[in-house]
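One structure is given here, and the rest of the page talks about it.
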Amino acid sequence: MITLHAFGRVNSMVQGLTRDLRVQWALEELGLPYQVRGVDHPAGETKADAFQHLSPFHQIPVIEDDGIVLSESGAILVYLAEKAGQLADRQKHADVLRWCFAALTTVEPVIAMIVLDDFGKKTDPVSREKRANLVKWAEQVLGGVEKHLGEHAFTAGEEFTVADILMVTVLRQARRAGVLAKFPRCEAYRQKCEARPAWGRTVAAYEKRLGAEPGAVARVVEPTA
């Protein structure tokens, strides 16, 4: 059975945005048996030497599967999809990899920078100008996703894959940052993917694990700017 090391406690500011959600969603979608080990982040459990053997950068999520230890959410999702036999076709494998990398290396970095800056709530002229420039960059990359979704039901084609899990969790951050409103296809796609039963099961388990109020995962992506 797969063991998922996920947050057992985490700062309430980031509840609903943490990357362990990606892995649990994938496990639910793929129907792979798993158990969750909650990690107490505020207590410093991720900084312990024992945890570094699992995750070189002291980060969550991590999975253990029959002697294999793997960190980095993108790598974990591809591993799980391969394990479930969903990437046997070479073209599908290539398309899914492409959009996994697109979500994590093209779209997410700028979105994450905006979200992190917004946590600081800085309103001085330099900070406002910096945010405006980041928003322009975000709109450029989101425009590429918007165009692609006008031609395809999902990122890697006409079927939902782990690439969509990564992209949707990035778009959730974009919505929180208030930069998704200009991209109706991206927003409709996010809503469509989050309507999947596996996401509902994931959210319920996540909120229970963290002791969060029901609906906390949905509320966290309400625009803040």
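Summary of computed values
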quantity	calculated
Check on THR161, closer than 28 Å to LYS122 by Cα and under 16 Å from the mean Cα position of the chain (by Cα)	no
Where ARG98 falls short, out of the listed (1) within 17 Å of the chain's Cα centre (by Cα); (2) in the same structural domain as ALA177 (by TED's automatic domain parsing); (3) over 19 Å from THR155 (Cβ atoms)	(3)
Selection status of ALA43, small (Gly, Ala, Ser), touching a strand residue (DSSP E or B) at 6+ places or on another chain (Cβ under 9 Å) and closer than 15 Å to VAL217 by Cβ	no
Filter result for VAL179 (surrounded by 21 or more Cβ atoms within 10 Å (Cβ to Cβ), under 26 Å from ARG37 (Cβ atoms) and touching a residue at least 40 places away in the same chain (Cβ under 8 Å))	no
Tally of residues being among the aliphatic types (A, V, I, L, M) and buried (at least 21 other Cβ atoms within 10 Å of the Cβ) across the stretch 88-103	3
Residue check, ALA138 within 16 Å of the chain's Cα centre (by Cα) and small (Gly, Ala, Ser)	no
Test: residue in the stretch 123-140 that is surrounded by fewer than 23 Cβ atoms within 10 Å (Cβ to Cβ) and either under 22 Å from GLU28 (Cβ atoms) or in contact with a Ser or Thr (Cβ under 9 Å, 6 or more places away or on another chain) (or both)	no
Residue ranges of helices (runs of 4 or more DSSP H) in the stretch 148-225 with at least 2 members of a type in the set (Lys, Arg) and either in the same structural domain as TRP99 (by TED's automatic domain parsing) or in contact with a Lys or Arg (Cβ under 7 Å, 6 or more places away or on another chain) (or both)	162-176, 184-194
Long-range neighbours under 9 Å by Cβ, at least six apart or interchain, first residue exposed (fewer than 15 other Cβ atoms within 10 Å of the Cβ) within the stretch 203-225, second acidic (Asp, Glu)	GLU213/GLU207; PRO214/GLU207; GLY215/GLU207; ALA218/GLU194; ARG219/GLU213; THR224/ASP118; ALA225/ASP118
Helices (runs of 4 or more DSSP H) contained in the stretch 57-122 and holding at least 1 residues free of Cβ contacts under 8 Å to residues at least 24 places away in the same chain and farther than 20 Å from LEU17 by Cβ	73-83, 90-101
Qualifying residue in the stretch 1-18 (condition: in contact with a Gly (Cβ under 9 Å, 6 or more places away or on another chain) and over 25 Å from THR105 (Cα atoms))	yes
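The values are calculated or read from the model by the stated rules, or taken from the named source; none is laboratory data. Keep in mind it's a predicted model, so treat the numbers as computed, not measured. Glycine also receives a Cβ, built like all others from the backbone with ideal geometry; neighbour counts cover every protein chain displayed.
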